[in-house]
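The values are calculated or read from the model by the stated rules, or taken from the named source; none is laboratory data. Everything quoted here is computed from the prediction, not taken from an experiment. In this analysis, Cβ positions are derived from the backbone assuming ideal geometry, glycine residues included, and neighbour counts consider all displayed protein chains. Heavy atoms of the whole protein, side chains included, go into the accessibility calculation; ligands, DNA and RNA do not. Shrake-Rupley method; radii C 1.70, N 1.55, O 1.52, S 1.80 Å.
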Amino acid sequence: MKTSECDIVIVGVGGQGVILISDVIGRAAVKAGKPVRGAETHGMAQRGGSVINHTRIGCRYSPMVASGGADVLLALEPAEALRFGHFLSREGTALINTVPVLPVTVTTGTASYPSLQEIMDLLREECGDVRAIEATALARQAGTAQAMNVVMLGALSRFIPLPEELLLEALSEVVPPKYLEANRRAFMLGKAEVE
Amino acid sequence: MREYLLGNVAIAKGLLEAGMGLAAGYPGTPSSEIVESLVDLKGDLPLHVEWSVNEKVALEVAIGASWTGTRSAATMKHVGLNVAADPFMTLAYLGVGAGLVIISADDPYCHSSQNEQDSRRYAQFASVPCLDPADPQEAKDMARYGFDLSERFSVPVILRPTTRVSHSRADVEVGATRRAEKDPKFIKNPGRRVSLPVHVRPLHTELLRKHKEIEAALESVPWNHLELAGEHGIIASGIAGLYAEEAIRDLDLDMSLLRIGTTPAPSALIARMLEHVSSVLVVEELEPVLEEQVQRVALSIKPEVEILGKESHIPREGELDFLAARNAVARREELDLRPAKAIAGAKMILPPRPPSLCPGCSHRAAYYAMRKAFGKNAVYPSDIGCYTMAVGMDTVDTCLCMGASITAATGIRLGGETAPICCSLGDSTFLHSGLTGLLNAAYNKARITVTILDNSTTAMTGHQPHPGTGFTATGEASVEISLEDVCRALGAGMVETVDPYQLEDTIAGFKRARDFEGLSVVIARQACVIRARRSGAARKMYAVNQDCAGCKLCVDFGCPAVEFDGQKARINSLCTGCGVCAQICPASAIQEVRK
Ligand code: SF4
Ligand code: SF4
């Protein structure tokens, strides 16, 4: 028996706004009358570490997505897409922001950062649908680079069983009113990227 | 109404639905958002919410309120209960007035902790009940129910969410908040409030009797739920119950399932399960608390039943998840396992991304200066806070528990070490449990240097205020404790205050402390950069010019905003303008620039 309608894993680096995305999805799911579960990273890892967020729409069980079980992997950072790529199911979709955030291990020269190509190639061996998104550039186009996460949310919206108007309604509840217009534009630009 | 709530927010709502009138806590992941949510949700409710100085203090404040007829709660992370263990153990004997719920948030897998102790063991130790929620809805409902249980049997009740409950979200049905009782009054009753031997001996007997009655009462709570089906069964507690249930659905099995949400578990329910099955698998995180009880029940009613658990199928350390439960069940039923996936080659090319001090964090600068002054042969006991992440700077030689930097340093000195010793701890940690250690070091004449890394907040757990900040949990202005005065009063022979962003002065300050014949304190004071940004402090920007000789001294400093391209250093957009790397650069190639 299937225990979840749609499993999403959202990854990135502390401070990129991963939690906002799952908060919007969760609120929209509640509006749609669906059970929803999520698990977040708080605490130490938020200081520049890797963060992962699980969201399960139409689910009453574990708050975490199982390894190999994600229908969508949404990555705000390319290396993190690969780090958590094992969550992706073969039939799933990976949506990846192309702009890296270098970890201290790279800036101080003890490790090196792989090319986007290498990352994509390894992920493509795992799953057929891997897409790069210029989310940071699109967010700037929308009016604020801060809205990169909302561009990614817009792209994600095409792959999850929730109506767009509920996602936008939930978005308006969590972003400050003065940034709402820019965020709506960011959402639309992200959505258009995958259409 | 249904809301999408974080587990800790749901717990706060449950406390308010119970008409709680006082909550006291000390920040600690994964528990901190409970008090923070209470502050947000308080409105005009007659409710006192406080960040206490430490967990022992928090619990004692909550006990006082309970004895005055006000429902109260104390919140902490699991290791906080060690600090509060003294009042906790005896409170079980003396009993509560109005209901008292202790929330001790466990952290299997040590996501953000120094150990993964199991709070259910504390409940057993003290003979008090523990509620073990599986998700935010249960956490909220249990928080409310905990007060009824506490009052019915006059015992404190532990609510033990784990990280995956406190920091998970779910759609939660919330109810109405209730106002706390009016006109509470402390009623004198020495026989139950004064822990003289003559009073506590009968109270211990009473507690043991109550414990049996509590177990019987817990038979009918909704979180202990039995579904009889096939002759193989699973007994699972807390969030492991959710994983087990998902495993049964995923594998389409016809197994009996007993989900348990309390310690003690009702033996009667366990007995009904055991009578029905030939074999049970016990699924629980960390300690075999439930399993041991199942074994005891089996021994008395059906010794031949097969009991599988920690010995063979379920690990005793780390956290469980759906896959671990599924594979344990699959193995039991001789079905195919579903291995966790791994991407071959990913590890090889991925750079590690450990959490690290923020760009411009003053702790990095303070440690840099400390290391310059004390050198590589000195011993550097440290403590619990953001600064523990600086372990790679060679100035964090130990980290044990809150406040142990000063006391371990004392022991290292008095145990015979002759090298210079410079220990460090944050302002909040110092006020939590450094005071007694400093007093002891002065009294017993330990020649050490104590560094208080004072960023005027409890940074690691999300920037909570403390007595050094001049504000309370609810943002009210209060006394602002002077760390300098406190240190002098506790007997420090020398107290230096430095600004770590002024590197030379800070190094000089550390050297004076190092050379002082006695107990010296260095207070390295500079606001946490996250706090400074939130409060709108003006930010400078630095850049590297063509004079860079590629010596990498600034890169080695370790600020994530300084990058190296193989030839020269470069400063990226993460720079917060602390200016410390510019003071390190021997070529004066790092300069402030206009934004
Ligand atoms: S949160 Fe504050 S104290 Fe912690 S690492 Fe960042 S700047 Fe330093
Ligand atoms: S001034 Fe230098 S050390 Fe300070 S934040 Fe900027 S790059 Fe980092």
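Which log10 I(q)/I(0) values, to two decimals, does the range B:225-338 give at q = 0.19 Å⁻¹ under the Debye formula with one point per Cα? Once normalised to I(0) and log-transformed, intensities are -0.90. Per-residue ellipticity at 222 nm, computed for the protein assembly as shown from helices alone with -39500 (n - 2.57) per DSSP H run of at least four residues, works out to -11500 deg cm²/dmol. In plain terms, if you count all Cα to Cα distances in the range B:1-120 and split them into 5 Å steps from zero, the share in each step is 2, 12, 23, 23, 21, 12, 6, 2, 0 percent.
Net length available on complete extension from B:Ser279 to B:His199 is 24.2 nm, with 0.36 nm assigned per residue and the Cα-Cα distance removed.
Only Lys, Arg, Asp and Glu count, each charged at its Cβ (+1, +1, -1, -1), so figure out the dipole size of the range A:80-195 about its Cα centre, rounded to 20 debye.
Its charge dipole is roughly 300 debye.
Per atom type, the range B:175-323 shows carbon and sulfur on 52% of its accessible surface, probed at 1.4 Å. Shape analysis of the range B:362-534 yields a ratio of the Cα radius of gyration to the Kirkwood radius, Rg/Rh, of 0.94.
Relative contact order for chain B: 11 percent, from Cα pairs under 8 Å spaced at least 6 residues apart, divided by residue count.
Placing one equal scatterer on every Cα of the range B:483-595 and applying the Debye formula, the log10 ratio I(q)/I(0) at q = 0.14, 0.17, 0.22 Å⁻¹ is -0.70, -0.88, -1.14. Where both bridge residues fall in chain A, DSSP classifies roughly 45% of the beta bridges as antiparallel. If you average the C-alpha positions of the range B:24-70 and of the range B:477-500 separately, how far apart do those two centres end up, in angstrom? Using only Cα atoms, the two centres lie 27 Å from each other.
Seen against the Cα atoms of chain B and their longest principal axis, helix B:289-301 is set at about 20 degrees.
Using R0 = 41 Å, the C-beta based FRET efficiency linking B:Asn444 and B:Glu311 works out to 0.30. Computed over the range A:84-195, relative contact order equals 28 percent, with contacts defined as Cα pairs under 8 Å that lie 6+ residues apart. Secondary structure note: in the protein assembly as shown, about 35% of the DSSP beta bridges are antiparallel. Taking the DSSP beta bridges with both ends in chain B, the antiparallel portion is around 25 percent. Using a 1.4 Å probe over protein heavy atoms, the accessible area lost on pairing B with A, summed over both chains, comes to approximately 4800 Å². Amide H contacts of A:Val175 (H built 1.01 Å from N, in plane; Pro and chain starts excluded): no residue 5 or more places away or on another chain comes under 5 Å. Taking all C-alpha pairs of the range B:2-220, those more than 26 Å from each other amount to 28 percent. Counted over the range B:367-434 with a bin width of 10 Å, the fraction of Cα pairs per bin, in whole percents, is 24, 55, 22.
Any idea what % of Cα-Cα pairs in chain B are farther than 48 Å?
21 percent
A crude spin-label estimate for the pair B:Thr436 and B:Cys110, with each label 7 Å from Cα along the Cβ direction, gives 2.4 nm.
Each of B:Ser112, A:Pro177, B:Ile260 was placed along the dipole of the protein assembly as shown (beta-carbon charges, centred on the mean Cα), and the one lying farthest toward the positive end is A:Pro177.
With contacts taken as Cα pairs under 8 Å and at least 6 residues apart, the range B:542-592 reaches a relative contact order of 49 percent. Across the alpha-carbon set of the protein assembly as shown, the Rg to Rh ratio works out to 0.98, Rh being the Kirkwood radius. Size of the range A:6-193: Rg and Dmax of its alpha carbons, in Å, are 15.5, 50.
If you model the range B:105-154 as an ellipsoid using its alpha carbon gyration tensor, with each semi-axis the square root of five times an eigenvalue, the axes come out at 23, 16, 7 Å, biggest first.
Peptide B:461-469 is shielded by partner chain Cβ atoms: per residue, an average of 1 of them sit within 10 Å of its Cβ.
Inter-chain neighbour count for B:317-326: the average number of beta-carbon atoms from partner chains within 10 Å of each residue's beta-carbon is 3. Summed over the residues of the range A:1-135 and divided among them, the accessible surface reaches 30 Å² per residue at a probe radius of 1.4 Å.
Please compute, for peptide A:55-67, the average count of beta-carbon atoms on other protein chains lying within 10 Å of each residue's beta-carbon.
For this peptide, the per-residue mean of nearby foreign Cβ atoms is 6.
Bridging of B:Lys552 to aspartates and glutamates at a Cα separation below 13 Å is possible for B:Glu563, B:Asp565, once same-chain residues fewer than 8 apart are set aside. Give the angle, between 0 and 90 degrees and rounded to the nearest 10, that separates the Cα long axis of helix B:322-332 from the longest principal axis of the Cα atoms of chain B. Relative to chain B, helix B:322-332 is tipped by roughly 50 degrees.
Of the solvent-accessible surface of the range B:542-592, computed with a 1.4 Å probe over protein heavy atoms with every protein chain present, carbon and sulfur atoms account for 47 percent.
The calculated P(r) of the range B:542-592, using every Cα pair and 5 Å bins from 0, goes 5, 25, 41, 24, 5 in percent. Over 24 Å apart at the Cα level, from the set B:Lys42/B:Lys77; B:Lys511/B:Lys540; A:Lys2/A:Lys191; A:Lys34/B:Lys140, are B:Lys511/B:Lys540; A:Lys2/A:Lys191. In degrees from 0 to 90, rounded to the nearest 10, what is the angle of the helix B:85-94 Cα long axis to the longest principal axis of chain B? Relative to chain B, helix B:85-94 is tipped by roughly 30 degrees. The residues of the range B:339-423 expose on average 40 square angstrom of accessible surface per residue, using a 1.4 Å probe on protein heavy atoms. Among rounded, prolate and oblate, which fits the range B:412-455 when a ≥ b ≥ c are the square roots of the eigenvalues of its C-alpha gyration tensor, a/c under 1.5 means rounded, and a/b larger than b/c means prolate? Because a/c hits 1.5 or more and a/b fails to exceed b/c, the range B:412-455 counts as oblate. Protection proxy ranking of B:430-441, B:402-413, A:135-146, by the mean of other Cβ atoms within 10 Å over each peptide's residues and highest first, is B:402-413, B:430-441, A:135-146.
Rounded to two decimal places and with Rh computed the Kirkwood way over Cα pairs, what is Rg over Rh for the range A:76-154?
1.00
The stretch between B:Glu517 and B:Gln591, if pulled fully straight at 0.36 nm per residue, gains 22.7 nm over its current Cα-Cα span.
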